[in-house]
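Note sheet for the following structure.
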């Protein structure tokens with residue numbers, strides 16, 4: 001993709017999106033509603049035409065090439081299965097009439113794909129006789145059975161419950177890797193994007209904010225938007241004003257680089273201790289704030305503690321054994337390596 005753009009009248013859905021996807025790579029397209037994820041996917045599928053830029057598959061420009069000639073497979077949020085056909089027939093129909101595959105070969109390919117997805121025993125069932133998770137597996141199998149050059153998945157698991165989503169995403173990734181498929185996976189769920197993608201493309205308002213590995217996205221966000229969109233809870237960001245090398249805001253002051261307008265710290269980067277002078281005497285440009293515990297949430301092997309400070313509410317991630325009661329006065333501190341600084345325009349200072 002080179003400078004891709006898409007306008008709908010006065011509305012700009014995509015603006016100057018440039019990225020490359022390697023053969024066999026899975027890239028998750030992540031962003032809030034209206035960020036341009038599905039529009040980008042539809043352009044790749046040939047269902048929308050870009051109003052600017054170029055889309056190339058293996059170096060070949062896709063402008064003017066209809067969807068059925070692009071060698072792509074598309075999985076929708078909705079199953080879109082033929083209700084009167086069995087699971088096996090839903091797969092073989094696409095192979096016989098889309099791929100012009102002989103019947104025996106199509107049936108063999110369809111059975112192989114259903115077996116890969118763990119639903120071979122459901123081959124003769126119709127969609128009405130299946131659960132939601134089983135129907136979605138059939139829909140995914142229909143796309144993967146084609147062995148297309150590019151697989152496009154548009155929030156394929158958003159209609160499933162949390163347990164099924166985790167199970168199915170593991171199966172999808174394993175199958176895509178087994179087949180060596182190149183895939184774009186659209187989701188608004190940051191945990192899903194980080195779990196599925198070799199790289200994650202974060203979009204906001206039609207612009208590509210960052211394209212990087214999940215580790216880089218989390219540890220070194222390119223912008224304030226990425227920092228506060230990725231993570232659960234997201235990064236805490238404190239606004240301040242910089243003077244004489246120090247960024248100061250309500251209740252805090254920290255040594256900061258030139259141009260800094262805000263400082264961020266992940267919940268696990270904060271240390272929590274009882275309030276008092278000995279609670280932590282940060283050095284070397286570290287951050288310190290006093291506050292009061294508002295809520296402590298037990299989340300399995302960890303707790304997330306929400307603390308009200310003069311700079312606003314902050315989230316702190318601690319071990320499950322570190323129980324603290326609401327109303328407790330505490331001191332929060334963070335070492336310098338845990339801090340991320342942002343400029344006034346939201347870009348991370350030090351980002352390449």
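The values are calculated or read from the model by the stated rules, or taken from the named source; none is laboratory data. Computed from a prediction, not measured in an experiment: that's the story for all the values here. When we count neighbours, we look across all protein chains shown, and the Cβ atoms used for this are built from the backbone with ideal geometry, even at glycine.
Things to note:
- Among the residues of segment 4-48, the ones that are at positive phi and more than 18 Å from the chain's Cα centre (by Cα) come to 4 in all.
- Condition check for residue 34 on (1) in contact with a strand residue (DSSP E or B) (Cβ under 6 Å, 6 or more places away or on another chain); (2) in a loop (DSSP other than H, G, I, E, B); (3) farther than 20 Å from residue 149 by Cα: one failure, at (1).
- Selection count, segment 49-75, where residues are outside any strand (DSSP E or B), crowded, with 16+ Cβ neighbours inside 10 Å and either under 23 Å from the mean Cα position of the chain (by Cα) or without any contact (Cβ under 8 Å) to a residue 12 or more places away in the chain (or both): 1
- Against the criterion of being more than 19 Å from residue 71 (Cβ to Cβ), modelled with pLDDT of 90 or more and either assigned to a strand (DSSP E or B) or out of contact with any helix residue (DSSP H, G or I) (no Cβ under 7 Å at 6 or more places or on another chain) (or both), residue 195 does not qualify.
- Residue check, residue 78 surrounded by fewer than 21 Cβ atoms within 10 Å (Cβ to Cβ) and assigned to a loop (DSSP other than H, G, I, E, B): yes
- Pairs linking a residue in segment 219-237 that is on the phi > 0 side of the Ramachandran plot to a residue that is at pLDDT 95 or above and in a loop (DSSP other than H, G, I, E, B), with Cβ atoms under 9 Å and 6 or more positions apart or on different chains, are 231/221; 231/266.
- For segment 289-312, a residue qualifies if it is under 14 Å from residue 332 (Cβ atoms), free of Cβ contacts under 8 Å to residues at least 40 places away in the same chain and either touching a helix residue (DSSP H, G or I) at 6+ places or on another chain (Cβ under 9 Å) or surrounded by fewer than 17 Cβ atoms within 10 Å (Cβ to Cβ) (or both), and the qualifying residues are 292, 294, 305, 308.
- Entry remark, segment 329-352: residues being out of contact with any helix residue (DSSP H, G or I) (no Cβ under 7 Å at 6 or more places or on another chain), more than 16 Å from residue 260 (Cα to Cα) and surrounded by 16 or more Cβ atoms within 10 Å (Cβ to Cβ) number 4 in total.
- On the stretch given as segment 315-325, residues that are out of contact with any helix residue (DSSP H, G or I) (no Cβ under 8 Å at 6 or more places or on another chain), surrounded by 16 or more Cβ atoms within 10 Å (Cβ to Cβ) and either in contact (Cβ under 8 Å) with a residue 60 or more places away in the chain or part of a strand (DSSP E or B) (or both) total 1.
- Search result, residues across segment 193-204 that are touching a strand residue (DSSP E or B) at 6+ places or on another chain (Cβ under 8 Å) and surrounded by fewer than 21 Cβ atoms within 10 Å (Cβ to Cβ): 194, 198, 199
- Residue within segment 273-281 that is in a loop (DSSP other than H, G, I, E, B), crowded, with 17+ Cβ neighbours inside 10 Å and more than 32 Å from the chain's Cα centre (by Cα) present: yes
- Matching residues in segment 326-343 - criterion: being assigned to a loop (DSSP other than H, G, I, E, B) and either out of contact with any strand residue (DSSP E or B) (no Cβ under 7 Å at 6 or more places or on another chain) or modelled with pLDDT of 95 or more (or both): 335
- Among the residues of segment 293-309, the one identified as touching a strand residue (DSSP E or B) at 6+ places or on another chain (Cβ under 9 Å) and in a loop (DSSP other than H, G, I, E, B) is 301.
- Tally of residues being touching a residue at least 60 places away in the same chain (Cβ under 8 Å), crowded, with 20+ Cβ neighbours inside 10 Å and part of a helix (DSSP H, G or I) across segment 134-191: 7
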